[in-house]
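Working notes for the structure below.
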Amino acid sequence: MLNYLFFKGCTIPASLPNIEKLSLEILPEIGINLTETDEFTCCPDPIRIQGANQLFWLSAAARNIAVAEEKQMDIMTLCNGCENTLAITNYKLKNNKDLKDKINEILKEIGKEFKGTVKIKHFLQVLKDDIGLENLKKRIKTPLTELKVAGHPGCHILMPNEILKFDNPVDPEFYDKFIETLGATPIDYLTKNDCCGVSLSLAGEKEAANNCVKSKIIDALEAGAQVLSTACPSCFTQFDTGQFIAARDFIELKESPMPVLYAIELLALAMGRTFEDIGYNLHRVKTPLELKVLKV
Amino acid sequence: MEVLRLKYEKNEMIKKDKSIEVCFKCSTCSKFCPITQFVKRYNIEDSFVTQLFEAEKPEALHDVWMCCACEKCVITCPQDTNPTEVFTNLKEKAYQEGLAPAIIYRLVEQLLSESTVYGIKFANMARKRAGLKELVKNEKASKELNIIARKAGLVQEEEKEKC
């Protein structure tokens, strides 16, 4: 059994709590034991809080890492943004003594210290490095054989590659292999590696955000995908809620809505859970099409 | 090939990130930039990246906050520059000078008040629907985050703690 300290982040507990609930139920079944704690704060977010003050961003992230170090546990994240922040901080502080000393001067004020003794892994990295897709395959009870899935790895788990070392940032392949392991067919589409457009939404660029979501979804749809899947809550929200909003401007999205499934939801379906179990009714796009496809 | 010099080459941003001086405006980054692709006022010839590089006071432009740090520009740059780092430095300068969008200051205020960027009250409504236990603010963690914020210069030392 693998033991990880569960870093839930901000988005999943607040906006997608069904994913938090599902992770705690499903992951022990594939050999990941998650320990919860309320001592973590926001990671903080690599787009806006890093922009506001880089020293604060690093120090707050180092504080979160120090919490795990005190418990002598490695961290597992469910969010590309959290992974990006924590992994970059861990790497920078481990490899730059001056920076580490500077951050530890700040952490001293709260009685904490960054030592650099734990690993920080995204759920997908745990699958890749610790469990292995071959072992995961043995746990699949209801292979999703009829399902064609467009995978969206997301930007922040791919770059900076020298730190995250997860996948080829130009032509990522792990997410498609994960989809294949679940018995589904991964769909290759032209904009697979493109951004979900979340920063456009955050910056209030509604038209651009809608166009970005439409471009990816139509592209995946035309390539034959029935479902879009991602392992990042920000990308998920952009494709699910963002698509719901974009459909007001684009008739094609209204006519052929694309269901979106978070990686663990897709895994849960392949492990015999129903749509009700995964909290599908809490999604914004809930077209009944895939219910027929999966025969559940 | 002559290396084009950017308008603000003496700007302190350049001092922080010298690599950007060797940009020869080939627009490769712009072809992959999600902002340039989808925001109508930008195009390959007049892209998000080049407009920010050429602005007299780039940190004053709210558009810099559109950069999602996806690093597509970093992956594709044939000159090995790091535009993402420049944008992060510009965001930081904007924040310090009070030029960032109001929503960023509100986000920081929320973070320092409850140590999460979503309001706990809002989160608990969704958690109730999903049958999960309610979140409760961790006073100790929030207090620690506020101390870090003061020490790191995110908020001024004399400002009162938010929690």
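At a glance:
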item	result
Environment charge of B:VAL39, counting only residues whose C-beta is closer than 12 Å and scoring Lys/Arg +1, Asp/Glu -1	-1
Distance (nanometres) between label positions extended 7 Å along Cα→Cβ at A:GLU173 and B:GLN51	3.9
Amide N proximity, segment A:9-40 versus B:ILE103 label position 7 Å along Cα-to-Cβ, cut-off under 19 Å	A:10-12, A:14-16
Separation between Cα centres of segment B:92-140 and segment A:80-105, rounded to whole Å	23
Sparse-neighbourhood loop sites, GluC sites (Glu not before Pro) in segment A:161-256 - DSSP loop, at most 15 other Cβ within 10 angstrom	A:GLU173
Pair A:GLN72, A:ASP249: separation of 7 Å Cα→Cβ label points (nm)	5.4
Relative contact order of segment A:137-179, defined on C-alpha pairs under 8 angstrom at six or more residues apart (%)	31
Positive dipole terminus of chain A, leading residue within A:MET73, A:VAL170, A:VAL260 (C-beta point charges)	A:MET73
For A:9-22, mean number of other protein chain Cβ atoms within 10 Å	5
Peptide-level mean, for A:201-207, of C-beta atoms on other protein chains within 10 Å	5
FRET efficiency, A:ILE140 to A:ASN161 (Cβ-Cβ, R0 25 Å, nearest 0.05)	0.25
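We did not get these values from a lab; they are worked out from the coordinates using the rules stated. Computed from a predicted structure; not experimentally measured. Here Cβ is always computed from backbone atoms with ideal geometry, including for glycine, and neighbour counts include all displayed protein chains.
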